[in-house]
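K.L.:
Take this structure first; my questions come after.
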Amino acid sequence: MDTLSNTPYAEPGLPLPPFLRTWSLQNPQVARCGNHDHFAIVYDNQADQFDFIVPFLRLGMELGEKSVFIVDDNAPETVIAAMEHHGIDVDAATATGALAIVTKHDAYLKNGDFDPDWMIDFLAQAVVDAKKEGFRSVRASGEMTWALGPAGDSHGRLVEYECKLNSFFAGYDMGGICQYNRRRFRPETLMHVIHTHPKIVFRGELCENPYYIPAEILLDRGEKMEDTVARLLENMAENTRLRRRLTEETEALRRSEKLVAAGKMAATLAHEINNPLEAIVNLWYLVKQENLSSDGRVYLEAMGKELNRVSHIANQILEFYRVGATNSAVNLGQIADETAQRFRSQPASQAIAIEVQHRAPAAVYGSSGEFNRLFENLIVNAHEAGASRIRIRISRSRDWSKAARRGIRILVADDGAGIPSDHLARVFEPFFSTKEQKGTGLGLWVSKGIVQKHDGTISMRTSTAAGRNGTSFSIFLPTA
């Protein structure tokens with residue numbers, strides 16, 4: 001059974017009525033807001049207004065709060081009809097005190113002219129009275145078109161009132177929505193509305209307001225304007241940093257999801273290719289036993305080389321996405337030593353000097369097989385680039401883009417030919433290679449996938465200048 005356990009006021013296990021279950025699923029942010037929140041709705045028509053406000057108030061009543069609607073832009077009969085349309089029994093709710101529908105003359109303009117401090121006291125008393133009646137808090141919403149009259153002073157005391165509401169809601173068991181008809185208010189006034197509300201509802205969307213200005217800044221008209229400006233600039237800079245970080249994290253998640261999808265597809269294709277490939281290899285072996293002409297044997301040897309190449313590509317693709325790989329604490333230094341030793345023992349690699357440096361323990365959490373593949377790919381990449389020396393250094397470090405994240409940095413540098421500048425943007429693409437027939441173009445693609453799968457980063461520096469030629473890869477992996 002769905003419950004209100006995700007809302008701030010719900011009793012554990014309290015069942016969610018069917019109407020509110022549907023509405024809460026459609027409006028998950030609003031379903032979790034209410035008490036202590038202050039936001040405005042800017043609406044273009046009556047449907048936008050009531051389709052948001054009325055369910056918001058009904059949610060409050062279902063949660064044991066007292067709901068208050070201050071009417072002005074619409075007649076009370078119109079508001080009551082909208083509430084009944086959304087399933088509120090207005091007569092029963094008003095009889096129990098769970099709902100109060102009042103006019104501007106009973107609230108904002110009770111004393112004739114609008115007084116922000118009096119209105120704040122009015123709301124505070126409403127909370128006290130509601131709690132005496134057994135309600136846990138008050139959920140209020142008022143149409144603000146009363147401010148269009150001379151008593152409102154929309155460019156003066158209205159701004160003061162909205163600013164003071166932010167402090168009031170923070171300290172009292174009340175939450176509220178100020179309703180602004182965009183067709184009635186001037187743009188200048190709506191700009192004040194945007195500046196004074198931490199959250200804005202527009203066209204059914206509850207928006208975190210990046211243009212909100214804290215009251216202590218907006219109302220500061222004293223001699224400390226320099227400090228006010230400094231705080232405002234600092235707030236803008238911090239908001240910009242947070243938005244940039246969110247954008248980066250969203251993009252990283254998008255890339256990760258694409259990487260997983262590509263890996264699954266590649267693994268499926270490679271598996272399907274391997275089946276007929278094995279049959280072709282068997283046939284090739286049988287044909288090789290036949291008495292062929294000298295030209296036929298040359299063609300057959302060429303076929304064998306290409307079959308080996310296709311098989312190698314398929315195996316590398318399968319390495320890219322391996323379901324069921326066991327993760328554990330992995331010693332990168334040990335894996336680097338073992339991988340380097342295997343290459344030193346191969347006849348084709350004996351002319352290459354491979355140096356591995358690591359001092360402090362370098363443990364990360366992941367798959368030892370995948371990290372073994374990572375080191376193999378980078379060493380093979382250097383070998384195919386014509387390197388005579390490969391240096392691997394493993395040390396404790398931190399993420400250069402996020403200094404608080406600590407981990408292990410792997411540097412793999414070689415003195416190979418380097419990568420031309422016009423190829424740099426494509427080196428991590430699948431099947432792209434600068435080595436003609438030497439490589440498959442999958443090694444660096446697979447390597448990047450392994451690093452990203454383990455929540456790490458990989459970057460590259462290269463040079464083709466004579467005497468300074470070579471390539472180095474820098475990999476950061478978070479600590480286990």
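The values are calculated or read from the model by the stated rules, or taken from the named source; none is laboratory data. Keep in mind it's a predicted model, so treat the numbers as computed, not measured. So basically every Cβ, Gly included, is an ideal-geometry build from the backbone, and we count neighbours across all protein chains shown.
K.L.:
Taking the criterion of being crowded, with 16+ Cβ neighbours inside 10 Å, more than 22 Å from H454 (Cα to Cα) and in the same structural domain as P478 (by TED's automatic domain parsing), would at least one residue in the range 388-411 satisfy it?
P.N.:
Checking the range 388-411: at least one residue is crowded, with 16+ Cβ neighbours inside 10 Å, more than 22 Å from H454 (Cα to Cα) and in the same structural domain as P478 (by TED's automatic domain parsing).
K.L.:
Further question: Would you pick out the residues in the range 395-410 that are of a type outside the set (D, E, K, R) and either over 22 Å from the mean Cα position of the chain (by Cα) or in a strand (DSSP E or B) (or both)?
P.N.:
If the condition is that a residue be of a type outside the set (D, E, K, R) and either over 22 Å from the mean Cα position of the chain (by Cα) or in a strand (DSSP E or B) (or both), then S395, S397, A403, A404, G407, I408, I410 are the ones that fit.
K.L.:
Only one of (1) surrounded by fewer than 23 Cβ atoms within 10 Å (Cβ to Cβ); (2) closer than 22 Å to K104 by Cα; (3) among the aliphatic types (A, V, I, L, M) is not met by A31, so which one is it?
P.N.:
Single failed check for A31: (2).
K.L.:
Working carefully through the options D129, D115, find the one that is on the phi < 0 side of the Ramachandran plot, surrounded by fewer than 20 Cβ atoms within 10 Å (Cβ to Cβ), free of Cβ contacts under 8 Å to residues at least 12 places away in the same chain and more than 40 Å from the chain's Cα centre (by Cα).
P.N.:
From the options D129, D115, the qualifying one is D129.
K.L.:
Output the qualifying pairs, or none if there are none: Cβ atoms under 6 angstrom, residues six or more apart or on different chains, first residue in the range 94-106 and farther than 13 Å from L57 by Cα, second residue part of a strand (DSSP E or B).
P.N.:
V102/I70; T103/V71
K.L.:
Quick check on this structure: which one of K453, K448, K402 is charged (D, E, K, R), closer than 21 Å to A252 by Cα and touching a residue at least 24 places away in the same chain (Cβ under 8 Å)?
P.N.:
Exactly one of K453, K448, K402 is charged (D, E, K, R), closer than 21 Å to A252 by Cα and touching a residue at least 24 places away in the same chain (Cβ under 8 Å), namely K453.
K.L.:
Scan the range 412-463 for residues that are surrounded by fewer than 18 Cβ atoms within 10 Å (Cβ to Cβ), at pLDDT 90 or above, among the polar types (S, T, N, Q) and within 21 Å of S388 (Cα to Cα) and jot them down.
P.N.:
S463
K.L.:
Okay, next question. A417 passes all but one of (1) assigned to a loop (DSSP other than H, G, I, E, B); (2) more than 21 Å from S349 (Cα to Cα); which number fails?
P.N.:
(2)
K.L.:
One residue is enough: does the range 42-50 have a residue meeting the conditions more than 24 Å from V128 (Cβ to Cβ), at pLDDT 90 or above and in contact with an Asp or Glu (Cβ under 7 Å, 6 or more places away or on another chain)?
P.N.:
no
K.L.:
May I ask you to verify whether G87 is part of a loop (DSSP other than H, G, I, E, B), small (G, A, S), over 23 Å from F169 (Cα atoms) and more than 42 Å from the chain's Cα centre (by Cα)?
P.N.:
no
K.L.:
Suppose we filter the range 330-356 for residues that are within 19 Å of N381 (Cβ to Cβ) and in a strand (DSSP E or B); how many remain?
P.N.:
Summing the residues that are within 19 Å of N381 (Cβ to Cβ) and in a strand (DSSP E or B) in the range 330-356 gives 4.
K.L.:
Can you tell me which residue in the range 320-352 is surrounded by the most Cβ atoms within 10 Å (Cβ to Cβ), limited to those that are modelled with pLDDT under 80 and aromatic (F, W, Y)?
P.N.:
Top of the filtered list is F320.
K.L.:
Among the residues of the range 164-193, write down those that are over 21 Å from S67 (Cβ atoms), among the aliphatic types (A, V, I, L, M) and surrounded by fewer than 19 Cβ atoms within 10 Å (Cβ to Cβ).
P.N.:
If the condition is that a residue be over 21 Å from S67 (Cβ atoms), among the aliphatic types (A, V, I, L, M) and surrounded by fewer than 19 Cβ atoms within 10 Å (Cβ to Cβ), then L190, M191 are the ones that fit.
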